[in-house]
Amino acid sequence: MFENNVTRRGFVTGAAAVAGLAGLSTIAPGLAGAAPQTHDQHTEAEMVPEAGALAMMTFQKIDGTPVYYWRSNRGNTTARNWQATDAFYNALVAWVRDLRSLSASYGSISYIVSAGFYVNKPGQHGAGTAMDLDHVRWSGGNTISPLDRHHASTNAAIRKRYLATEAVCRRRFRYVLDGWYNADHADHIHSDFGGMPVRVLKDSESDTKFVQAVCNNFRAAGLAIDGVWGTNTQNAFNALKSRLAVTGDPHTSSAVWQGMLSKIAQKGFANQNI
């Protein structure tokens, strides 16, 4: 299976249509899917917009929550300027509000750490419509750190928290690539606008691996995390839906899939099985 790329020119065309759409969950339904380029690590110089690049806004916080950069100086809390399109920033605001709500038992979100939003490279980063998430810290002391490969933690509660955080990303972004997806994403969670609206697709490797990881970590399903939606994955997904009391079709309905993701996130932040 294969996640297609979209060019910057293709995004600019779609961005005009995005501006008139109501509801963040249905932004850019006509865009093709877009996975990040391989070796998805970004230098400081690449985060400076090139002359004549797609117009973007600059931010240091997302809805009041600081966003730091640790790749060159771990633990650094110096404010820095990030860039993204207005539409993507609006989706980031919706995402961080979802995260606050679904993880409310952890307290407020103290800060977020990112490896990049706009980056002067091809694909969704170059369009200003992608985020690489490295770390989140809550005021109650809890953290989740894709940067530290928490998807592979020996602690089941940490793996559930990682999947809960990823589920929140999937509520607002179509392509979300994690540590199970491939080695290039072992140290961050990538989220972007490609292929909106959000839903779970059986022919998407990233979606399938997420479902397999959820079924394994919340239900001990024993699935191979191979990105192939076969009979065992279908049966495990059906059991997951049933246990979460999900009705409707998450493969075609954004609302149904977003609701299911919220329930997964709540279970993960509470360290509960499903």
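The values are calculated or read from the model by the stated rules, or taken from the named source; none is laboratory data. Computed from a prediction, not measured in an experiment: that's the story for all the values here. All Cβ positions, glycine included, derive from the backbone under ideal geometry; neighbour counts span all protein chains shown. Ligands, DNA and RNA are stripped out before the accessible areas are found, and what is left, the full protein with its side chains, is counted by its heavy atoms. Shrake-Rupley method; radii C 1.70, N 1.55, O 1.52, S 1.80 Å.
Among the residues in segment 143-160, are any within 23 Å of residue 72 (Cβ to Cβ), hydrophobic (A, V, I, L, M, F, W, C) and either out of contact with any Leu (no Cβ under 8 Å at 6 or more places or on another chain) or modelled with pLDDT of 95 or more (or both)? The answer is yes, given that some residue of segment 143-160 is within 23 Å of residue 72 (Cβ to Cβ), hydrophobic (A, V, I, L, M, F, W, C) and either out of contact with any Leu (no Cβ under 8 Å at 6 or more places or on another chain) or modelled with pLDDT of 95 or more (or both). Name the single residue that is nearest to residue 197 (Cα to Cα) among those in segment 137-181 being assigned to a loop (DSSP other than H, G, I, E, B) and either in contact (Cβ under 8 Å) with a residue 60 or more places away in the chain or among the hydrophobic types (A, V, I, L, M, F, W, C) (or both). Once the filter is applied, the top-ranked residue is 174. In segment 110-130, is there at least one residue being closer than 23 Å to residue 171 by Cα and surrounded by fewer than 20 Cβ atoms within 10 Å (Cβ to Cβ)? Yes, there is a match, as at least one residue in segment 110-130 is closer than 23 Å to residue 171 by Cα and surrounded by fewer than 20 Cβ atoms within 10 Å (Cβ to Cβ). Residue 203 meets each of the listed conditions (1) open to solvent by 40 Å² or more (accessible area, probe 1.4 Å); (2) touching a residue at least 24 places away in the same chain (Cβ under 8 Å); (3) on the phi > 0 side of the Ramachandran plot apart from (3). Just one residue in the set 220, 239, 245, 255 is open to solvent by 30 Å² or more (accessible area, probe 1.4 Å), in contact (Cβ under 8 Å) with a residue 60 or more places away in the chain and over 19 Å from residue 124 (Cβ atoms); that residue is 255. Considering every residue within segment 100-108, establish whether at least one is assigned to a helix (DSSP H, G or I), surrounded by fewer than 20 Cβ atoms within 10 Å (Cβ to Cβ) and under 16 Å from the mean Cα position of the chain (by Cα). Scanning segment 100-108 turns up at least one residue that is assigned to a helix (DSSP H, G or I), surrounded by fewer than 20 Cβ atoms within 10 Å (Cβ to Cβ) and under 16 Å from the mean Cα position of the chain (by Cα).
Selection of segment 164-200 for residues being of a type in the set (A, V, I, L, M) and either surrounded by 24 or more Cβ atoms within 10 Å (Cβ to Cβ) or touching a Ser or Thr at 6+ places or on another chain (Cβ under 7 Å) (or both) yields 164, 167, 168, 176, 177, 189, 196, 198. Taken over segment 204-220, the criterion of being part of a loop (DSSP other than H, G, I, E, B) and either within 19 Å of the chain's Cα centre (by Cα) or over 18 Å from residue 158 (Cα atoms) (or both) is satisfied by 204 alone.
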